[in-house]
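For reference, the structure discussed in these notes is given below.
Values quoted throughout were computed directly from the atomic coordinates according to the rules given, and no laboratory measurement underlies them. Computed from a predicted structure; not experimentally measured.
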Amino acid sequence: MLNLSQEKLGDALGVTFQQVQKYEKGTNRVSASRLQNISKILDVTVDFFFDGVPEENGLETAATTTFDKTLKEYLEFTTTSDGIKLNRAFLQITNVHVRAKALALIRALAEIEEN
């Protein structure tokens, strides 16, 4: 969304873009200080990375699991080049009626895809 490549983020952090990919995929953990550096580079607060994450209480409910899966799917798509392009294009539509029609079209296409 910021037109910042993994390579540029890695350079700013002093790591390779492969390391950034490992952070993004969750293969490697991000330390608190590294997360703080990332938030500064991206110009967001650290809590940005935790928006929508349910509270931990030691019990994983079906709702939490469903929420986690939905959030993961959403984030995986919206951070792809297609997801970013789609969001940018949709935001350029200023007419609310045209936006509603575009959304209806996408939903209809998704329904066809499911059948």
> Direction-averaged shadow area of the convex hull around the Cα atoms of segment 2-56, nm²?
Replying inline: 4.1
> Alpha carbon centre of segment 1-48 versus segment 93-114: separation in Å?
Replying inline: 34
>> For a 20 Å ceiling on Cα separation, which of these pairs sit above it: Lys25/Lys69; Lys22/Lys85; Lys8/Lys40?
In response: Lys22/Lys85
